[in-house]
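In what follows, a structure is listed as structure tokens, so that the remarks can point back to it.
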Amino acid sequence: MLTGRKRVIRAVGRRGSSTITLQRRSGPILGAIGVGVMVVMLALMPTSMSKNSSTDTVVLALALVSFARLIWRALGRPRVVIHKSGLQIIGLFDRFWVPLKSVRGVDTSHGLRIRIDGDDDVSVFAFSNSLIDRGRTVEAAAAEIRKALVVRRDDQGHCVKRQIDWTWWDVAVIPLPMLMIAGVFGWI
């Protein structure tokens, strides 16, 4: 399900705000549960420190912190924000700005895809295929985006912008590949 009004959308900001956020209701809930499990496992680590070496304890702590951040990036953050002039699509590792004028349509045959000028599509990670909801939230999100397309503005540019979505919390993910490489080579 999506959040907010009619269980479809959630208005962000003040009343009368022109920004609408589309996000599965289950995403942040499952993300918070996953991060909570990692925090509980971190909290229980001191009880097993006497049984394991200090290197193993540090490696496990770094892996748990890395997994907690990846869980939140995958479940809690992905969303689509509808602005007056365009769509901001926040995915797993990137974010897109798609002016409404550049949108040719919305496709829901294999998850949610925004069709843009130039034979390109932008896949919306927040509304990828899910066996749980069997496409209900995908169709609801597509309907909200189609409503926004009806009131397009002609004064905006056509440039679709893609950028890497990086926050300082993502530093927590850096130890994970290093730990995996060290484990493969037997350094730890």
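The values are calculated or read from the model by the stated rules, or taken from the named source; none is laboratory data. Please read these numbers as outputs of a predicted model, since none were measured by experiment. No Cβ is skipped: glycine too gets one built from the backbone with ideal geometry, and neighbour counts run over all protein chains shown. Areas reflect the complete protein model, heavy atoms only, side chains present, ligands, DNA and RNA absent. Shrake-Rupley method; radii C 1.70, N 1.55, O 1.52, S 1.80 Å.
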With x for Gly and Pro, the residue-by-residue ³J(HN,Hα) of the range 51-57, computed from phi through the Karplus equation 6.51 cos²θ - 1.76 cosθ + 1.60 at θ = phi - 60° and given in whole Hz, is 8, 10, 6, 5, 5, 4, 5
Once the piece of chain linking Lys84 and Thr19 is laid out straight, how much longer is it, given 0.36 nm per residue of separation minus the C-alpha distance between them? 22.7 nm
Please compute the modelled spin-label separation between Met45 and Ile29, points set 7 Å along Cα→Cβ, answer in nm with one decimal. 3.0 nm
Equivalent ellipsoid semi-axes - Cα gyration tensor, the range 40-132, angstrom: 42, 13, 10
Residues with amide H under 5 Å from that of Gly111, placed H, sequence gap 5 or more: Asn129
Using 0.36 nm per residue, how much length does the chain from Asn129 to Ile164 gain when fully extended, once their Cα-Cα distance is taken away? 10.3 nm
Taking amide hydrogens as modeled 1.01 Å from N in the peptide plane, which residues meet the under 5 Å criterion relative to Arg104, leaving out close sequence neighbours? Arg115, Ile116, Asp117
Ranking Val173, Val103 from most to least accessible area with a 1.4 Å probe gives Val173, Val103
How large is ³J(HN,Hα) for each residue in the range 142-149, as worked out from phi by the Karplus curve 6.51 cos²θ - 1.76 cosθ + 1.60 (θ = phi - 60°), to whole Hz, x for Gly and Pro? 4, 5, 5, 5, 4, 4, 5, 5
May I ask you to evaluate 6.51 cos²θ - 1.76 cosθ + 1.60, the Karplus curve with θ = phi - 60°, for each residue of the range 175-186 and list the ³J(HN,Hα) values in order in whole Hz, giving x for glycine and proline? x, 4, x, 5, 5, 5, 5, 4, x, 5, 8, x
Apply the a/c threshold of 1.5 to the C-alpha gyration tensor of the range 29-75 and tell me whether it is rounded, prolate or oblate. oblate
